[in-house]
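J.: Just dropping this structure here.
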Amino acid sequence: MNQIYDVIVLGLGAAGLFALANLDKGINALGIEKNAAVGRKLLLTGGGRCNLTNTDNVKEMVKAYTDPSFVRPIIYGFNNLKTIDYFAQNGLELVDQNGKIYPKTERSSTVVSFFRARIAKKGHRIVYNETIHDIMRDEDHLTLVGSDRKYKCRSLIVATGGASYPQTGSDGALISKCFEIAKFEAGLCSINISEEKFVKLNGLTIDVMIKYQKRSFFGSLLFAGSALTGPVIMNLSNYVQSNDYFSVDFLPNISNEAIKALLLEKTMQHPKRRFKTAAHEVLNLPDSFINALCNQLDLLDVTLANLKSKDLNKFIDALKACKLKVKSKGALSKATVTIGGIKTTDIDNKTMQLKADDRVYVVGEAVELVGACGGYNLQFAFSSAFRAVEHLNGEKKVVSK
Ligand SMILES: Cc1cc2nc3c(=O)[nH]c(=O)nc-3n(C[C@H](O)[C@H](O)[C@H](O)COP(=O)(O)OP(=O)(O)OC[C@H]3O[C@@H](n4cnc5c(N)ncnc54)[C@H](O)[C@@H]3O)c2cc1C
């Protein structure tokens, strides 16, 4: 009853499942999960299809995380190609859809079943319906305090996730209590903006480039009332705070000069045409969007012949460098990932051990950093778990079969 496990894996989401599935058979390991089933968040990923990773160049991949220098050795140690190999060689068929990797079944449940089968093959036991409320650090072991029993181990892998989507089990309660954490914040979420000029564009999508400080983000922006969302906004949300400004280029593939030239050519051909009609024709942007910009600049009834040069410049400015203010970010409870968690400065990124207590390993979303949309967060869950397991398995360079 009061045995001391070699390793306890606490929390069986993507990171914990990977860790437990890859701890050597000879290690006396136990998994503990508060839900009645493992991988509840994993089941929701990729709209139920599970975007496991992607085919990015590994150098580019590292840049998609909020802390590239911390993440570099972790991702290089078990990169996306190794992840693809790991699943494929162990019998999980995959499919590549425009560089995003999914299980061939396009069902997340296949991934959960894959891990469960591999854990069973290793003979590692799982305790379900057990919430750990505290961690006590004795000299020769750690004690995890459950609802009505305690579990002892020599090493602990903390894989309890972040604090978003708490209905999946990851509520951040344990790590807030037991570790020094960076404040939880919503990541990969929508952004509410202060400006109201786009409110009526609800449902419209445009491919844009966003600039924020020294970073650029490309992708689809979706207007959602007084909020903006879509992949480009979700990626931006990993960096911005309330009251920050960012700049949107709604036509990233055409220069200011080229836009001017196109509109001047139209003016020569059709001087009596309304500016907004001509702009819609030459710029190939949705009518409602051009109307919103023209409305804001009082250009709705202006003809090409009457368009003043300063108004054309203002229009191009609104189109190519539209400055918007972050009013707030979407709610943490509905965010795809959690920014914040156990501080990267407290973790050794070669092994995922806590610098202050090398018996404790931290993996997955419990770690402070987050990645972009497109398989980067599951990749980090797997890569960080690999690091910890590799160390615990005794510095082996390959994941055990
Ligand atoms: C809707 C949605 C879609 C997503 N889609 C993708 C995608 O397609 N690709 C991608 O890369 N990322 C995606 N993500 C992000 C990704 O799911 C997470 O980053 C990843 O699942 C984190 O894995 P984890 O194992 O660290 O944490 P979690 O998956 O959150 O697992 C933590 C586990 O620990 C358990 N636990 C927590 N506290 C305790 C405790 N005190 N005692 C016992 N057990 C505890 C929880 O019940 C949970 O099972 C998505 C996220 C969401 C919400």
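J.: As a test, work out the antiparallel percent of DSSP beta bridges whose residues both lie in the chain, rounded to the nearest 5.
T.: 75 percent
J.: Can you pick out the pairs among K276/K314; K211/K343; K63/K177; K276/K308 whose Cα atoms lie more than 20 Å from each other?
T.: In this structure, K211/K343; K63/K177 exceed 20 Å between Cα atoms.
J.: All other residues with a Cβ under 14 Å from the Cβ of Q3 taken together, and with Lys, Arg as +1 and Asp, Glu as -1, what is their net charge?
T.: Net charge around Q3: +3.
J.: Please give the charge dipole size of the chain, origin at the Cα centre, charges +1 on K and R Cβ atoms and -1 on D and E Cβ atoms. Round to the nearest 20 debye.
T.: Dipole size: approximately 460 debye.
J.: Just to confirm a number: summing +1 for Lys and Arg and -1 for Asp and Glu over residues other than K314 whose beta-carbon lies under 12 angstrom from that of K314, what do you get?
T.: Computed value for this residue: 0.
J.: A follow-up question, please. Compare the peptides 364-375, 186-197, 292-303 by average per-residue count of other Cβ atoms within 10 angstrom and give them in order, highest first.
T.: 364-375, 186-197, 292-303
J.: What's the magnitude of the charge dipole for segment 190-330 around its Cα centre, counting Lys and Arg as +1 and Asp and Glu as -1 at the beta-carbon? Answer in Debye, nearest 20.
T.: With only Lys, Arg, Asp and Glu charged at Cβ, the dipole is about 220 debye.
J.: Along the positive direction of the dipole of the chain (beta-carbon charges: Lys, Arg +1; Asp, Glu -1; about the Cα centre), which of L251, Y361, I347 reaches farthest?
T.: Ranked along the dipole, the leading option is L251.
J.: Quick one: Cα centre-to-centre distance for segment 101-115 and segment 208-261, in angstrom?
T.: 33 Å
J.: Next question, about the same structure. Taking the Cα centre as origin and putting +1 on Lys and Arg beta-carbons and -1 on Asp and Glu beta-carbons, what dipole magnitude results for segment 261-334, to the nearest 20 debye?
T.: Roughly 400 debye for segment 261-334.
J.: Which whole-number percent gives the relative contact order of segment 1-90, counting Cα pairs below 8 Å spaced six or more residues apart?
T.: 21 percent
J.: Of the listed pairs K272/K325; K200/K272; K327/K350, which have alpha-carbon separations greater than 32 Å here?
T.: Over 32 Å Cα-Cα: K272/K325; K327/K350.
J.: So what's the net charge close to K34: Lys and Arg +1, Asp and Glu -1, counting the other residues with Cβ under 10 Å from its Cβ?
T.: So the environment of K34 carries a net charge of -2.
J.: Using the Cα centre of the chain as origin and beta-carbon charges of +1 (Lys, Arg) and -1 (Asp, Glu), tell me which of A292, A305, Q167 is placed farthest towards the positive end of the dipole.
T.: A305
Coordinate-derived values only; no laboratory data. The structure presented is a predicted model; accordingly, all values stated were derived computationally and were not measured. So basically every Cβ, Gly included, is an ideal-geometry build from the backbone, and we count neighbours across all protein chains shown.
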